[in-house]
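Q: This structure is in structure tokens; I'll ask about it shortly.
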Amino acid sequence: MHTPVLTNEVLGLLDPRPGQFVLDGTVGSGGHALELLKKILPDGKLLAIDADRYSILAAERTLVAAFGREIVGSHVIFEHDTYARAAQAVSRHGFPLVHAALLDLGFSSDQIDSADRPPRGFSFLSDEPLLMTYNDETVAVRDFLPELSVADLVKILREFGEERYAMKIATAIKERERVRPFLTTRDLSETITAAIPPRYARGRIHPATRTFMALRIYANQELNQLKLFLADISLIVATGGRVGVISFHSLEDRLVKRDFLALAKENRGRIITKKPVTASANEIRQNARARSAKFRVLELGSNTL
């Protein structure tokens, strides 16, 4: 199972308690949900949301294995949807506003290497269909890539990937498209690697890392999804409740920081984490993914709408 990051920090700062209502807006394979549910039983309830239906199935298996089907059936509601519509899900299922809400952004290792789900093309290390989406309703990268101009691609790679060789990569992608379309991750990864200086290609990270990240964020509208969730916080979390966001990208972290500060200045919330909480050296040694994780927490104020 995918190893969740900052679990102790999540539990300590969100402080879920028996009988409370809790939202896990990116349930994944259920790592955080497992620990949250332990804290809110025997009378609490968990709303578990994910845009990837295979993640919902994986989370259900995780929780049933730990608590049994009867407890999970009566204390967990699974919702196959994006966390951007969490407010609607809370209302639709008759939840009161929740006492704690968690987002763990990005994709999980299970979405790359799990045999229980079809490949989605998130990884440049294997040859998979060039989708990079969490569900079939979202337009795949291989389908929208031909519609983008070089200028469009450069903007995407710079804005979402902070890619220094955006122009070289975008030009190479469009030139390759004239010969044949991109269908697999290997097609794209090889084109990127060939487009950049050899010294950069031998650098600390794989040369396709930033481009794949940028296209994934763009394809799934991940920053817009986050903006929608943050705008609805007061429709999701109760007064005195807490919302926490784990981000892995500087753009995501800046969005969370900005909106939390705005709520605090309006006296609609209190910032719990003055600086983002990061993983300990010990956790990073055990789980390299935790290295870039940043966790921010806000407590909703007394005059929350």
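Read the figures in this text as sums done on the coordinates, not as results from a lab. A quick note: this is a predicted structure, and the numbers were derived from the prediction, not measured. When we count neighbours, we look across all protein chains shown, and the Cβ atoms used for this are built from the backbone with ideal geometry, even at glycine.
Q: Work out from phi, with θ = phi - 60° and the Karplus expression 6.51 cos²θ - 1.76 cosθ + 1.60, the ³J(HN,Hα) of each residue of the range 159-176, listed in order in whole Hz, and give x for Gly and Pro.
A: Result, ordered by residue: 6, 9, x, 6, 7, 6, 9, 4, 5, 4, 5, 4, 4, 5, 5, 5, 5, 5 Hz.
Q: Once you have the alpha carbon radius of gyration of the range 159-305, what is it after dividing by 2.2 N^0.38 Å, with N set to its residue count?
A: Dividing the Cα radius of gyration by 2.2 N^0.38 Å gives 1.33.
Q: Equivalent-ellipsoid semi-axes (√(5λ), Cα gyration tensor) for the chain, whole Å, largest first?
A: Values for the chain, descending: 35, 21, 18 Å.
Q: Kindly provide log₁₀ I(q)/I(0) values, in the same order as q = 0.11, 0.19 Å⁻¹, from the Debye equation applied to equal alpha-carbon scatterers of the range 117-220.
A: -0.28, -0.89
Q: Another question, then. Only Cα pairs under 8 Å and at least 6 apart count here; give the relative contact order of the chain as a rounded whole percent.
A: 18
Q: Any idea what angle helix 222-231 forms with the longest principal axis of the chain, computed on alpha-carbon atoms, 0 to 90 degrees, nearest 10?
A: With rounding to tens, the tilt is 30 degrees.
Q: Quick one: what does P(r) look like for the range 13-126 with 10 Å bins over all Cα pairs, in whole %?
A: Calculated over all Cα pairs of the range 13-126, the distribution is 14, 47, 30, 8, 1 percent.
Q: Right, next: Considering only Cα-Cα distances, which of the following residue pairs are longer than 27 Å: K45/K274; K45/K275; K174/K227; K227/K275; K168/K275; K168/K257?
A: K45/K274; K45/K275; K174/K227; K168/K275; K168/K257
Q: Among M167, M213, which comes first, then next, by fewest other beta-carbon atoms within 10 Å?
A: By the 10 Å Cβ count, ascending: M167, M213.
Q: With 10 angstrom as the radius, rank R242, R285 by how many other C-beta atoms surround their C-beta, starting from the fewest.
A: R285, R242
Q: Right, next: Angle, helix 250-265 long axis vs. longest principal axis of the chain, Cα atoms, 0 to 90°, nearest 10?
A: That works out to roughly 40 degrees.
Q: If the reach is capped at under 16 angstrom between alpha carbons, list the aspartates and glutamates near K265, excluding any in the same chain fewer than eight residues apart.
A: The reachable aspartates and glutamates, counting only those whose Cα sits under 16 Å from K265, are E299.
Q: Arrange the following residues from fewest to most other Cβ atoms within 10 Å of their Cβ: V154, V10.
A: V154, V10
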